[in-house]
Amino acid sequence: MLSLEQYKKLIIELMNNNLTPTTDWRDIASKNTLLIRHDIDFSVDFAHKLALFESELGIRSTYFFMLTSNMYNLISSENQRLVKSIIKLGHKVSIHFDPTAHDTLEEFEHEKILFENIFNVEVDIVSIHRPGPFLDNNNVSLNGIAQTYSDKYFKKMKYLSDSGGRDVLPLISDYLGGDRSQGLHLLIHPIWWTSKGASPTETLNFWRKYNSDFLTAEVRLNCKTYED
């Protein structure tokens with residue numbers, strides 16, 4: 001699978017080809033613009049690990065977190081600490097919005113207010129979880145807030161993704177060696193680069209074990225009569 005060392009080589013290659021990482025989603029006119037986006041589907045801890053690594057590389061990217069995830073609790077004390085640490089490192093954070101968790105899109109406003117109040121940030125870009133219908137009408141906004149599948153990010157830029165554990169490296173090589181008239185919108189899921197495993201399934205099973213060990217430690221901490 002992928003690794004942090006491969007990620008380092010990838011970033012260096014992109015920057016050597018005059019691509020400039022930015023967290024400003026409003027200013028994307030240049031063919032040299034590089035928007036690095038991280039959708040956090042599984043682990044805030046792995047996101048923090050990648051954020052630290054990117055900081056060491058001297059780059060900044062955008063991390064999108066879910067408030068309605070069944071995989072993690074974003075407002076737990078530990079996860080709040082990790083997200084606030086990511087912000088202090090200079091990265092941008094915003095919402096990874098799951099429309100299926102609500103009856104109407106208007107309910108996004110509740111998530112926006114909560115997210116902004118907890119993390120003291122302004123939400124001006126949103127990533128959609130499992131976009132589905134959003135791909136039929138790319139330019140739908142969320143109460144006036146732009147989302148990452150709109151044309152200016154999804155069609156007017158080159159969009160590449162490692163979704164499902166896909167090896168994105170050959171796709172990036174093709175992009176660098178081909179038509180460079182567009183900037184690059186790169187979706188990287190931290191779990192594929194910071195976890196362990198020779199396949200997507202092994203990688204996810206490593207995360208499951210990692211998460212299980214953490215939960216066991218929390219159970220011990222919160223219940224003195226627990227025995228395993």
Quiz item: For region 122-197, which whole percent of the accessible surface, found with a 1.4 angstrom probe, sits on carbon and sulfur atoms?
Solution: 47
Exercise. For residue 155, list the lysines whose Cα falls under 30 Å from its own Cα; do not include residues on the same chain fewer than 8 positions away.
Key: 8, 9, 31, 92, 112
Quiz item: Heavy-atom accessible area per residue, the chain, 1.4 Å probe: how many Å²?
Solution: 51
Self-check item: Packing rank of 118-127, 199-208, 60-69, where each peptide gets the mean count of other beta carbons within 10 Å, highest leading
Solution: 60-69, 118-127, 199-208
Quiz item: region 84-191: which trypsin sites (Lys or Arg not before Pro) are DSSP loop and have at most 14 other beta-carbon atoms within 10 angstrom?
Solution: 155, 156
Self-check item: Given (1) 54, 45, 44; (2) 43, 39, 35; (3) 63, 41, 31, the label whose value is Cα extents along the principal axes in Å derived from this model
Solution: (3)
Quiz prompt | C-alpha long axis of helix 4-16 to longest principal axis of the chain, angle in ° | solution = 20
Quiz item: Given +1 on the Cβ of Lys and Arg, -1 on the Cβ of Asp and Glu, and no further charges, what dipole in debye does the chain carry about its Cα centre, rounded to the nearest 20?
Solution: 640
Quiz item: On a 0 to 90 degree scale, rounded to 10, what angle separates helix 200-222 from the longest Cα axis of the chain?
Solution: 40
Quiz item: Per the helix-only calculation at 222 nm, which mean residue ellipticity applies to the chain, given -39500 (n - 2.57) for every DSSP H run of n ≥ 4 and division by its residues, nearest 500 deg cm²/dmol?
Solution: -12500 deg cm²/dmol
Quiz item: Share of antiparallel DSSP beta bridges in the chain, in percent to the nearest 5?
Solution: 5
Self-check item: Relative contact order of the chain, pairs being alpha-carbon contacts under 8 Å that are 6 or more residues apart, as %
Solution: 24
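The values are calculated or read from the model by the stated rules, or taken from the named source; none is laboratory data. Just so you know, these numbers come straight off a predicted model, no measurement behind them. Here the Cβ is made from the backbone with ideal geometry for all residues, glycine too, and neighbour counts use every protein chain on show. Each accessible area value is taken on the protein alone, full model and side chains, heavy atoms only, with ligands, DNA and RNA left out. Shrake-Rupley method; radii C 1.70, N 1.55, O 1.52, S 1.80 Å.
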